[in-house]
Amino acid sequence: MQPIDTHYTESHTIYTEVYYVCSFNVSYSLLLLKTQYISSLFIRFFCLAFIFSHLIPIVANASNNDFDKGAIYFAQGEYLIALSFWTPIAKQGHPGALYSIGLLYDQGKGVKKDSKQAIKYLQSASDKNLPIAQYYLGMKYYAGLDVKKNTIKARQLLEKAAQSDYLQAQFHLANLYDKGEDDQQDLQLAIYWFTQSAENGFGPAQHSLAVRYLTGKGINMNIERAIFWLKKAADQHNLDAMRDLGFMYFQGIGVKKDFKQAHDLLIIPAEENNATALFLLGEINYIGGNGITQDITQAKKWYQLAKKLGHKDATKRLQEFKQSTIVSTKTKASPDAQKHSQAITQAKLSENTNSHTRFNQDALRFKQLDGSYYLLQIIAAKQFENINQLIDKYTDELTYVLKIKKGSEHLFILTYGYYSNYDEAQNTIKKLPKAFQQKSKPWIRQVKQLKNSIL
């Protein structure tokens, strides 16, 4: 098996983020305006109503009241009313209002989409030294979206936001220096800004910094520091970091070889169709040992999934299985073997029946809960068996096993707790039952967000 070339597998590059940043909706933009950083999984599962539980004033004056009122109306879909609150304070130079109006025009919320108006307001907010406006506008100039592409201006705007400790700006500025567009490559500055963003807690930057320590690009190779930053990023559910750290445990590079630890790290990126993670899970089940029982059948399943995504090594493994001669298939099974097989089949049928009953019972219990309360989502998986081992270890009246719909897919999720506010849920994370002490923090979700998705 070829080692992972982590230098070329980073998914959070400047290129992918350009589209992401400049196409996301106003809800997320307002949330960023208030919180500075929200992880990708947080964005994925939290609805707009949660925006206002983290409000932090941008400018300490009375105009913030009007800004917050506008934000509340925006959350209710009353965009014109929101605009009526924001327009007067925008004229007074309120940076948050200027930025928010710019986003309304940028996305066509409550007003006709108008790129020129959007750029005008965003530029005004940027001139008021609002980091998120500088970042957003900088990314537009980098991509050439609604403005003429200008990497020099993009770099200047990102630099301003980065100097104000805006995490995403620090990360993307590092990428610009790392890639050296317009003959501006500076690996030392790239490492500096990757480090700043990583130390400020931005998962993609932590992963990128780990990759530099692994490859020695712009910095001395240091496996210990690489592992340190991979763990930091993996704790934030950064899928690239979870995959790479899983690989390190699989190979025993910088850490003690531990297939169980590798499996636990790889399962989430595998569920997100990461071909390398799927292949490594196949290897773990195929080889067995180091905390994992060998399971050829399960290994083949992982290899098949990886093959569908074009993983060449998975294809080779499956070809090896085809070419091998399995003597047992040529020999008629003994009566005892037949009975054993029947017992296993019956057990599996019973397990499926019990799990179906569990889903129905938990769904009924869950729908009785107050929608404004919060809970902890411990794990989500496309296959029930990936959460079943946790259910077997621990279950009580605060545990819910739910089958939900996410887009066109079905997911199985395990939730725990029932809390009247976000802070209470957050404070409970450290007190979770031992069986739920996963390597990554659970996601805090509001009950009503899940009620609409339950199957």
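Taken together, the values in this text are just the output of simple stated rules run on the coordinates, not laboratory data. This is a predicted model, so every value here is computed, not measured. Don't worry about glycine lacking a Cβ; one is built from the backbone with ideal geometry, like all the others, and counts go over all protein chains shown.
A protection proxy built from the mean count of other Cβ atoms within 10 Å ranks the segments 266-277, 416-427, 166-177, 67-78, most packed first, as 166-177, 266-277, 67-78, 416-427.
Order of 150-159, 189-198 by packing, highest average Cβ count within 10 Å first?
In descending order of packing, they fall as 189-198, 150-159.
With the simple model of a label 7 Å out from the Cα in the direction of the Cβ, LYS430 to SER115 spans 5.0 nm. Across the cross-link table entries LYS231/LYS260; LYS69/LYS116; LYS217/LYS257; LYS113/LYS406; LYS406/LYS451, which are compared at the Cα atoms, the separations over 18 Å belong to LYS69/LYS116; LYS217/LYS257; LYS113/LYS406. With 25 Å as the limit, the listed pairs LYS140/LYS179; LYS109/LYS405; LYS120/LYS149; LYS301/LYS405; LYS128/LYS148; LYS256/LYS312 have LYS109/LYS405; LYS256/LYS312 beyond it between alpha carbons. Rounded, prolate or oblate, given the Cα gyration tensor of region 143-268, with a/c below 1.5 counting as rounded? Prolate.
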